[in-house]
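Have a look at the structure below, then the notes.
Just so it is clear, none of the values below were taken in a lab; they were calculated from the coordinates. Quick caveat: nothing in here was measured; it's all calculated off a predicted structure. With ideal geometry, Cβ positions are generated from the backbone for all residues, glycine too; neighbour counts draw on all protein chains shown.
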Amino acid sequence: LMKTFPTIFSSSLIQHELVANYSHLFWVQGSQPDLLPYLLLAHTDVVPASESDGWDAPPFSAKEIDGFIYGRGTIDDKSSVMGILQALEYLLLKGYAPRRGFYISLGHDEEVMGYMGAVNIASVLKQRGVQLLFVLDEGFAVFDGLISGLEGPAALIGTSEKGFATVKLSVSMIPGHSSMPPSETSIGILAAAVKRLEDNPMPRLFGYGPERGTFEHLAHKFSVPVRFIMSNLWLFSPLIGWVLERKPDTNAFVRTTTAVTMFNAGVKENVIASLAEAYVNLRIHPAQSLQEVMDLIQSTVGDQRVKIELIDGSDPLPVSSADEKSFGFQIIKKTVLEIFSTVTVAPGICVGNTDSRHYKDLTSDIYRFIPIWFKPGDTQRFHGINERISIKNYEEIVAFYFSLIQNCDIQKLPEPHSSVHEL
Ligand SMILES: CCCCCCCC/C=C\CCCCCCCC(=O)NCC(=O)O
Ligand SMILES: [Zn+2]
Ligand SMILES: [Zn+2]
């Protein structure tokens, strides 16, 4: 970073510090100290990737194919790390000095919950008495063609994020010779418990959380018969929920999702396994609590031999403002529309978790959005194979932050236009 962005690291306007050895915190001084600062967030770590899973290019090669850069992290979250810094480097080179000061925080362990990076940066800022106007992190994006009937792309700005639970299920039994097996093994008991969880998804809750506002915002962009349905969610929520749950990416809006992500058991082919363990990762719909989810897991597993432990978890996050007076939301929206004039901007509930949740004591307004385009098939690239970003889209991301930083320099939002009736 120091080699690529020399102006940032030598600017007298910028203080840079390392937190918890590997996370970066930048303070960009504004000329008007009375303006409340904001925070741009991203992270430098990535989830693992293995070429043998079927990548078209080695996952750490950043190889360009047909206008796309392939590599783990190109979506999550290097485009944002580099986009923010590239935009700031350009601005400084042009002689720009912001009026409103801002922080840039780059965590190093977001994919393992941010307990070292984001947690320590948030605590440093808290000790310094910092209050933030808003926080902008990764999370949601521009979605194009993911919901049938929706005309044109939609930029969803995450005004909240789902809660989560990581639950360990385990079954222990006395090991023995595989030639004299008991009628049930630890592996069989655990597999049956896991299957019951997969066969009995958490209840459909579409319409009971902030996702309702998303679809109300988007209603006018649906083709005519669907528009009527979307405009009457009080009546049609069950029907829409039923349609959305058919695809994994839209099912995430509908309910608490249940993903069995790890399963380990056995040490040798002729020994009855003494221990079988599985990890289940759930993302909690805003209309449910962590405790309610734990109770449902208990009753669905319904077998005292399966030990159920909550390893980590949190309730869904508070909902940030998205009205006409919301500085952060309106500035992000304005900036999106400057870059992509044809998209519809709407608030949404981010289906994954982000470092931004660790900053909730420093601000009441947290937004999750990077202007990355997701077309059909692209959501599977997130933590999956062939993660990639188009060079054009990367330029748009840089342009987005370049513009956003300048747009934040206004003192306050212009007054909303009064209607004739109000006059
Ligand atoms: C017009 C509406 C279409 C909506 C389709 C939404 C599909 C959502 C697809 C992708 C977004 C996924 C966001 C996840 C961001 C989380 C970042 C992350 O990996 N955090 C770690 C973690 O959650 O474990
Ligand atoms: Zn991420
Ligand atoms: Zn991630």
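Computed from point charges on the beta carbon alone (+1 for Lys and Arg, -1 for Asp and Glu), the dipole magnitude for region 161-314 about its Cα centre is near 380 Debye. Magnitude of the charge dipole for the chain, about its Cα centre and with charges confined to Cβ atoms of Lys, Arg (+1) and Asp, Glu (-1), is about 260 debye. What the Cβ-Cβ distance of residue 126 and residue 269 gives, at R0 = 41 Å and to the nearest 0.05, is a FRET efficiency of 0.15. Is there a pair in 195/268; 63/247; 168/195; 162/195; 162/325; 333/360 whose C-alpha atoms are over 19 Å apart, and which pairs would that be? Beyond 19 Å: 195/268; 63/247; 162/195; 162/325; 333/360. What separates the Cα centres of region 323-385 and region 166-180 is a distance of 44 Å. In this structure the amide hydrogen of residue 260, modeled in the peptide plane, comes within under 5 Å of the amide hydrogens of 281, none closer than 5 places in sequence on its chain.
Measuring between their Cα centroids, region 249-307 and region 211-229 lie 34 Å from each other.
For the pair residue 4 and residue 323, label points projected 7 Å from Cα toward Cβ lie 4.1 nm apart. Of the trypsin sites (Lys or Arg not before Pro) found in region 20-126, those that fall in a DSSP loop while having at most 10 other beta-carbon atoms within 10 Å are 94.
Projecting the Cα atoms of 50, 314, 404 onto the charge dipole of the chain (Cβ charges, centred on the Cα centre) puts 404 farthest toward the positive pole.
Computed from the Cβ-Cβ distance with R0 of 56 Å, the FRET efficiency linking residue 21 to residue 148 stands at 0.75. Taking every alpha-carbon pair under 8 Å whose residues sit at least 6 apart, region 161-314 reaches a relative contact order of 46 percent. Once backbone amide H atoms are built at 1.01 Å from N, residue 139 has 369, 370 as its partners under 5 Å, excluding neighbours fewer than 5 places away on the same chain.
Counting other Cβ atoms within 10 Å, keep those with at most 13, restrict to DSSP loop, and tell me which trypsin sites (Lys or Arg not before Pro) in region 236-308 are left.
Details: sites: 246, 255, 268, 283, 305, 307; in loops: 246, 255, 268, 305.
Passing sites in region 236-308 are 246, 268.
Ranking 80, 131, 376 by Cα position along the charge dipole of the chain, where only Lys, Arg, Asp and Glu carry charges on their C-beta atoms, puts 131 farthest toward the positive end. Seen against the Cα atoms of the chain and their longest principal axis, helix 290-301 is set at about 30 degrees.
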